[in-house]
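> Dropping a structure here in structure tokens format, bear with me for questions.
The values are calculated or read from the model by the stated rules, or taken from the named source; none is laboratory data. What you see is a predicted model; the values in this text were computed from it and never measured. Methodologically, a virtual Cβ is constructed for each residue, glycine included, from the backbone with ideal geometry; neighbour enumeration extends over all protein chains shown. Just so you know, the surface numbers come from the protein's heavy atoms only, side chains and all, with ligands and any DNA or RNA stripped out. Shrake-Rupley method; radii C 1.70, N 1.55, O 1.52, S 1.80 Å.
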Amino acid sequence: MGEFQEFADALFGQLSVEINEEKEIVELASRARDDIANKVQFKELDDIANEILPDFKNKVEEFVGIKIPENISLKFPELEELKRIKGNKVFADKESKEFVKELFNAVAKENLTKIAELMQQDTAKYLVYSTYAIQYISKITTTYGDYLDSEIYLNKFILSRYPQIILHKQGEPYESRFQSVNSGYIGAVKMTVLEELVHSTQENLHQVNKRAAMEVNKINEELAKIILSLDTETINKLSEYCQLQAVPDDFPFAKKANLFFFLNPDHFLIEQIGPDVMTFTHVEIDPKIGESIPELLDIYKRWLVPIQQHHAAFTAMEGMAAFVIEDILKDDKDFQNYLSTFMGTDFSTYQIRKSMGKDFTKILYKKLGKDTFKKMIEVPPNTRELKDPQLYLKKLSL
């Protein structure tokens with residue numbers, strides 16, 4: 001277990017900034033709550049969200065022309081539960097789903113021993129899914145909401161603490177500063193509920209995204225197994241050729257892990273080719289690497305289709321939500337106060353932020369109006385169409 005234990009330590013080393021930030025948020029919120037308690041009081045997150053939900057359901061249904069699921073519900077997870085929920089958003093096949101669940105639970109509980117056991121139990125799965133743990137959990141303090149299976153999750157850890165921290169940082173007199181911070185807090189809740197309600201209408205896009213992500217993960221697992229099966233001589237030769245950081249010989253797993261993370265198509269192709277790989281139909285690899293791993297080129301070719309489907313579906317979902325938020329909340333004072341008190345910006349700056357998905361939706365909306373949303377969901381755009389909306393409009397007219 002020695003080397004696996006060290007890798008578990010390294011995982012938390014990569015999350016140390018975020019974990020320290022979480023602890024700091026708890027401390028700052030506690031101090032703020034004590035200082036402002038007898039002067040002002042913020043409304044409970046649950047009460048605000050449940051109060052605005054019916055009105056916002058109507059607004060979304062009217063604007064996008066699609067019914068919200070009847071059984072939609074709100075959940076308010078605290079930090080540990082939220083980290084476990086993030087594991088449910090990692091799309092894996094039945095064989096890997098339980099592993100992912102256990103991994104995220106261990107990370108949520110900061111259980112290094114369990115993580116080392118999981119690593120030893122199925123090293124290939126660990127290599128693939130630990131990257132999700134780092135990626136998803138590192139964004140928890142900047143992610144206000146999530147949607148999955150007719151449930152909207154509001155990040156109670158952040159949304160119930162930030163208003164107190166912001167007001168406390170502004171300083172006395174709290175009473176006179178409370179109104180704008182409280183309005184910003186309500187604006188943050190409005191924005192989050194609205195965004196996740198839009199996501200609740202996108203079922204076909206969700207399914208396209210889910211299937212594509214599962215296929216990507218399956219291919220990555222295949223690559224991990226191939227690299228883990230390589231002999232020491234090949235690993236050393238490739239590590240040297242790829243100029244990877246030197247690892248002592250008594251850490252064989254670390255050497256293979258470094259090579260996997262380097263050759264993983266999410267890293268290797270995007271690093272070598274750039275984001276344009278999302279529109280490519282063909283890839284090539286260095287012949288010297290191909291000699292050592294003959295299966296690698298085929299893996300990269302098979303990876304291109306699902307990664308592009310995943311990228312396109314996700315970009316469309318996020319872009320549609322951003323466009324709806326911008327339109328529905330453009331005159332909302334609470335949202336404007338959210339931008340100024342939470343984000344330190346204003347609506348005009350927010351409005352001009354570049355987003356491929358939002359820009360795509362905006363162009364379609366000028367041409368198709370309300371039909372835009374149904375079309376995007378029923379006929380998902382591909383990556384080339386997202387860059388050139390006229391291609392998508394031409395496809396719709398055929």
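> If r is the Cβ-Cβ distance from residue 232 to residue 301 and R0 is 41 Å, what FRET efficiency results, to the nearest 0.05? Present the calculation step by step, with values, prior to reporting the outcome.
Working: r = 28 Å, r/R0 = 0.69.
Computed FRET efficiency for residue 232 and residue 301 comes out at 0.90.
> What is the spin-label model distance, in nm, from residue 390 to residue 179 if the labels are put 7 Å beyond Cα along the C-beta direction?
My value for the distance between the label points is 5.1 nm.
> Between exposed GluC sites (Glu not before Pro) in the chain, where DSSP calls loop and at most 16 other Cβ atoms lie within 10 Å, what's the longest gap? Present the calculation step by step, with values, prior to reporting the outcome.
Values: sites that count: 44, 70, 78, 110, 284, 295.
With a cap of 16 other Cβ atoms within 10 Å, the longest stretch comes to 111-283.
> Next question, about the same structure. Evaluate E = 1/(1 + (r/R0)^6) for residue 245 and residue 292, where r is the Cβ-Cβ distance and R0 equals 25 Å; express this FRET efficiency to the nearest 0.05. Could you put the intermediate results ahead of the total?
On the way: r = 19 Å, r/R0 = 0.74.
My answer for the efficiency is 0.85.
> Distance cut-off 24 Å, Cα to Cα: go down the list 86/375; 218/301; 43/354; 139/333 and report the pairs above it.
On the way: 86/375 29 Å; 218/301 14 Å; 43/354 34 Å; 139/333 27 Å.
Correct reply: 86/375; 43/354; 139/333.
> Rounded to the nearest 10 Å², what accessible area does residue 131 show when all protein chains are kept and the probe is 1.4 Å?
Result for residue 131: roughly 60 Å² accessible.
> At 7 Å along the Cα-to-beta-carbon direction for both residue 89 and residue 24, put a label point, then send me their distance in nm to one decimal.
In this crude label model, residue 89 to residue 24 measures out at 2.3 nm.
> Also, I was wondering about something else. In deg cm²/dmol, rounded to 500, what helix-only [θ] at 222 nm does the chain give when every DSSP H run of at least 4 residues adds -39500 (n - 2.57) and the total is split over its residues?
Value at 222 nm, helices only: -23000 deg cm²/dmol.
> Just to be sure I understand the model, the point goes 7 Å from the Cα along the line to the Cβ. What's the resulting residue 9 to residue 366 distance in nm?
Label at residue 9, label at residue 366, 5.8 nm between them.
> Would you mind calculating the relative contact order of the chain from Cα pairs under 8 angstrom and at least 6 residues apart, reporting the percent as a whole number? The partial results should precede the final answer.
Numbers: 450 pairs, mean separation 83.6, N = 398.
With pairs under 8 Å counted, the relative contact order is 21 percent.
> While we're on this one: Calculate the dipole size of the range 3-397 relative to its Cα centre from +1 charges on Lys and Arg beta carbons and -1 charges on Asp and Glu beta carbons; express the result in debye to the nearest 20. Let's see the in-between values first.
Numbers: 50 positive and 64 negative charges, 270 e Å.
Around 1300 debye, computed over the range 3-397.
> Which percent of the accessible area of the chain is formed by carbon and sulfur heavy atoms (probe 1.4 angstrom)?
Details: 9330 of 19210 Å².
Carbon plus sulfur share of accessible area: 49 percent.
> Determine the shape class of the range 161-266: with a ≥ b ≥ c the square roots of the Cα gyration tensor eigenvalues, call it rounded for a/c under 1.5, and otherwise prolate if a/b is greater than b/c, oblate otherwise.
Numbers: a/c = 5.97, a/b = 1.98, b/c = 3.01.
Taking the square roots of the gyration eigenvalues as a ≥ b ≥ c, the range 161-266 is oblate.
> Skip the ligands, DNA and RNA, and give the accessible area per residue of the chain with a 1.4 Å probe, whole Å². All intermediate terms of the calculation are to be shown ahead of the outcome.
On the way: 19210 Å² over 398 residues.
Ligands and nucleic acids excluded, the figure is 48 Å² per residue.
> Hey, can you grab everything whose amide H is under 5 Å from the amide H of residue 148? Only 5+ residues off in sequence or another chain; H modelled, so Pro and N-termini drop out.
153
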